[in-house]
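First up is the structure itself, then whatever we jot down about it.
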Amino acid sequence: MDIRQLAPSELPALLALYAQLHPADAPLPPMAELQAIWQELLNNPRHRTWGVYVDDALVATCNITIIPNLTRGGSPFGLIENVVTDHDHRGHGYGKAVLQAAVAFGLSQGCYKVMLATSRKDPGTTAFYVAAGFDCHDKNAFVIRAPAAV
């Protein structure tokens, strides 16, 4: 197992994992637009996309963004998103390992907390995040989504 930040050329592998994250997601924009978004993310010093590789294949990923903050003594906080492990590689610790890399990055940046939210309601997902060190009783998450396009 190798854990590292994704390289610019790894967008197709990342998109393949994201297809497992949200199978019924809206269609993606053209590849040129996706590449521009990917480049913007890669150029952002407050953003990292981490990956776990097994035999040079990307099998798990998540990203973290460090958000500046004017409370908590000016300490930033980290927000983890898009956590996914390939269906064929679950149960081997890869998801936990990629989360640990993201959390370690956040703490190295002076974050006073690193948090994530999930839309999954099954007990297995909650158990996974708790086993990875997250506290499911510390905060409540509230979401407002953009209205669906008509």
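The values are calculated or read from the model by the stated rules, or taken from the named source; none is laboratory data. Note that the structure is a prediction, hence the values are computed from the model and not measured. Glycine gets a Cβ as well: all are built from the backbone with ideal geometry, and neighbour counts include every protein chain shown. To get the accessible areas, we keep the full protein, side chains included, count just its heavy atoms, and leave off ligands, DNA and RNA. Shrake-Rupley method; radii C 1.70, N 1.55, O 1.52, S 1.80 Å.
Data table
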{"item": "Condition met for A13 (small (G, A, S), surrounded by 13 or more Cβ atoms within 10 Å (Cβ to Cβ) and farther than 23 Å from D135 by Cα)", "result": "yes"}
{"item": "Exclusive hit being over 14 Å from the mean Cα position of the chain (by Cα), at pLDDT below 95 and either open to solvent by 60 Å² or more (accessible area, probe 1.4 Å) or among the basic types (K, R) (or both), set D88, D122", "result": "D122"}
{"item": "Residues of the stretch 96-118 satisfying the condition of being open to solvent by 20 Å² or more (accessible area, probe 1.4 Å), touching a strand residue (DSSP E or B) at 6+ places or on another chain (Cβ under 8 Å) and not in a helix (DSSP H, G or I)", "result": "Q109, Y112, K113, V114, M115, L116, T118"}
{"item": "Boolean, P147 is over 12 Å from the mean Cα position of the chain (by Cα) and open to solvent by 80 Å² or more (accessible area, probe 1.4 Å)", "result": "yes"}
{"item": "Counted residues, the stretch 48-82 - those being over 12 Å from M115 (Cα atoms) and either β-branched (V, I, T) or in contact with a Phe, Trp or Tyr (Cβ under 7 Å, 6 or more places away or on another chain) (or both)", "result": "13"}
{"item": "Enumeration of residues in the stretch 2-52 that are farther than 21 Å from A97 by Cα and hydroxyl-bearing (S, T, Y)", "result": "S9"}
{"item": "Test result for A7, out of contact with any helix residue (DSSP H, G or I) (no Cβ under 6 Å at 6 or more places or on another chain), of a type in the set (G, A, S) and modelled with pLDDT of 95 or more", "result": "yes"}
{"item": "Count of residues meeting criterion [touching a helix residue (DSSP H, G or I) at 6+ places or on another chain (Cβ under 6 Å) and loosely packed, with under 12 Cβ neighbours inside 10 Å] in the stretch 29-64", "result": "0"}
{"item": "Test: residue in the stretch 37-56 that is β-branched (V, I, T), touching a residue at least 40 places away in the same chain (Cβ under 8 Å) and in contact with a Lys or Arg (Cβ under 8 Å, 6 or more places away or on another chain)", "result": "no"}
